[in-house]
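Quick notes on the structure that follows.
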Amino acid sequence: TGIRIHKTFCSICNAPTHCGIDAYVKDGAVIKVEGSDNHPHNQGALCSKGSASRQYIYHKDRIRTPLIRRGERGSDEFVPVSWEEALDTISRRLLQIRAETGPESVVFYAGYSKWFRPFLKRLAHSFGSPNYCTESSTCHQATAMAAKLNYGCFGRPDMANARCLLVWSCNPFYSNTAITRRLMDAVDRGMKIIEVGPLLTPMTRFAAVHLRIRPGTSGALALGMANVIIQEGLYDREFVDKWTAGFEEFQHYVREFTPSATEGITGVPSGLIVKAATLYATTKPAALMPSASPTVHHTNGVQNHRALTALIGLTGNFDRPGGNYVVPPTWLNISTAAR
């Protein structure tokens, strides 16, 4: 047929878990894409973005060569140039700015895709500018910061071994379809699901408890659940004694978030709050699956997400099988050591 299958990956989304793709190529053109069955992350699945790779590649409005403005700013008079001319123009302009106003006057900003970000960051710092930015400032960075503040690193849910999964403002059927096969396998195995979020989602039908919070009240709900877990003596004393600092202050603070007070803030019936907190704390091991950003998209977002992740340690489910485990970084996220 003249068709060859090339093993590649999708670079649209999350860099540490780029999904594997089988690209069917004929006469130099991609005619079809499928998920790679043997890829460790997506195991043959692709989300709608990955499945639309051909549209992404061959869209008529896609810029396929460097363009340089020849007219006045705002004139939209752009003409194609070679890569050599484009790179020479950029480097000359950067060096000119650095000589005139210093390297700090340049901002390096990265959007999608994500794979080139570490290299852009090195360029920014080598240039002398601390101003390296990405769209993650409105996405995952705040949740990652919250996890690092609490634990020093980010822990992913170990669905393969979890007996309970607390899904918080996350809809993997739409946002992370690559893991839904494993999620459904865990449900078939008997894993209990607690869903938190204001919307009815495909996850809702599988949830033992659904806490339909008012948008923006995740922090209060997390503290309300912590109140129940501590007051009922359901927390992991050994883990707390060995690995936490400031527990007495935290315990004192969450006393004001009684189930009834939390209901007034979140709109979730107090009985459901108690039921969810008890289920999460007593069904061992249990894991937390938050989303990348909804919980931090409002005032005090980092602290709100810290309240969420505090539930992991409070129940002794951090860095243990079936809980939230520490994920080894990919080569993309490993700092290069000086040699």
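Could you pull out the pairs from Lys7/Lys32; Lys192/Lys242; Lys7/Lys60; Lys148/Lys192 whose alpha carbons sit more than 23 Å apart here? Listed pairs above 23 Å: Lys192/Lys242; Lys7/Lys60; Lys148/Lys192.
Looking at the stretch 216-276, the trypsin sites (Lys or Arg not before Pro) that sit in a DSSP loop and have at most 16 other Cβ atoms within 10 Å of their own Cβ are Arg255.
Calculated translational diffusion coefficient of the stretch 1-76 (20 °C, 1.002 mPa s; Stokes-Einstein with Kirkwood radius over alpha-carbon pairs) equals 150 µm²/s.
Once you have a ≥ b ≥ c as the square roots of the Cα gyration tensor eigenvalues for the stretch 173-257, tell me rounded if a/c is under 1.5, and otherwise prolate or oblate according to whether a/b is larger than b/c. It comes out prolate by the Cα gyration axes.
Per residue, the convex hull spanned by the Cα atoms of the stretch 217-339 measures out at 147 cubic angstrom. Taking Cβ atoms as reference points and 14 Å as the exclusive limit, the residues near Ile229 contribute a net charge of +2, counting Lys and Arg as +1 and Asp and Glu as -1. Backbone geometry of the stretch 232-240 corresponds, through the Karplus equation with coefficients 6.51, -1.76 and 1.60 at θ = phi - 60°, to 3J(HN,Hα) couplings of 8, x, 9, 7, 7, 4, 4, 5, 4 Hz, x marking Gly and Pro. Among residues other than Arg69 with Cβ under 9 Å from its Cβ, the summed charge is -1 (Lys and Arg +1, Asp and Glu -1).
With helices as the sole contributors, the chain gives -11000 deg cm²/dmol at 222 nm; each DSSP H run of n ≥ 4 counts as -39500 (n - 2.57), and the sum is divided by every residue.
Taking all protein chains into account, the per residue accessible area for the stretch 14-118 stands at 68 Å² (1.4 Å probe). Among Glu195, Glu263, Glu238, the sequence by solvent-accessible area, most first, with a 1.4 Å probe is Glu238, Glu263, Glu195. In the complete set of protein chains, residue-level accessible area for His6 is approximately 80 Å², probe 1.4 angstrom.
Largest mean-square fluctuation among Asn42, Asn131, Asn161, in a Gaussian network model of the chain whose springs join Cα atoms under 10 Å apart, belongs to Asn131. Here is the result for the stretch 236-315: no chymotrypsin sites (Phe, Trp or Tyr not before Pro) lie in DSSP coil with at most 15 other C-beta atoms within 10 angstrom of their C-beta.
The values are calculated or read from the model by the stated rules, or taken from the named source; none is laboratory data. The structure displayed is predicted, hence computed values, not measured ones. Glycine also receives a Cβ, built like all others from the backbone with ideal geometry; neighbour counts cover every protein chain displayed. Note: areas computed on protein heavy atoms with side chains; ligands, DNA, RNA excluded. Shrake-Rupley method; radii C 1.70, N 1.55, O 1.52, S 1.80 Å.
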